[in-house]
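Colleague: Here it is, the structure in full.
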Amino acid sequence: METIIHPLSTEKSIRMMESENMLVFIVKKSSKKAEIKKDIEETFKVKVDDVRTAILPDGRKKAYVKINKANPAIDVATQLGMI
């Protein structure tokens, strides 16, 4: 995991995981969407449908990673120890 710093487990991110099959990560500011997608797919052996990013007011970069329906995001969160 070269691009990912750590997963984000806030109330909102947990709701997104359950309703939209999406995980939220804090990533390196220099990371590109394609790099984040490749890193998630290789690390967790899942198919990523989409990656959206946002720069937070404190300068960190947040990545919203939509996991394919075939792989529940809850399974990945369990691997990460979030749940």
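Please treat every number below as a calculation from the coordinates, not as lab data. Owing to the predicted nature of the structure, the values given are computational and were not obtained by experimental measurement. Neighbour counts are summed over all protein chains in view; Cβ atoms, including those assigned to glycine, are modelled from backbone coordinates with ideal geometry.
Colleague: With the structure loaded, tell me whether Ala34 is among the small types (Gly, Ala, Ser) and part of a strand (DSSP E or B) or whether it fails that test.
Modeller: The answer is no for Ala34.
Colleague: If you don't mind, another one. Could you look through segment 53-74, keep only residues that are more than 10 Å from the chain's Cα centre (by Cα) and of a type in the set (D, E, K, R), and pick out the one that is surrounded by the most Cβ atoms within 10 Å (Cβ to Cβ)?
Modeller: Lys61
Colleague: Select from segment 19-35 the residues that are of a type in the set (D, E, K, R), closer than 17 Å to Ile55 by Cβ and touching a residue at least 12 places away in the same chain (Cβ under 8 Å) and write down the one among them that is surrounded by the fewest Cβ atoms within 10 Å (Cβ to Cβ).
Modeller: Lys29
Table: residues versus (1) surrounded by 13 or more Cβ atoms within 10 Å (Cβ to Cβ); (2) outside any helix (DSSP H, G or I); (3) free of Cβ contacts under 8 Å to residues at least 12 places away in the same chain.
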residue	(1), (2), (3)
Met17	yes, no, no
Lys38	yes, no, yes
Val51	yes, yes, no
Val76	yes, no, no
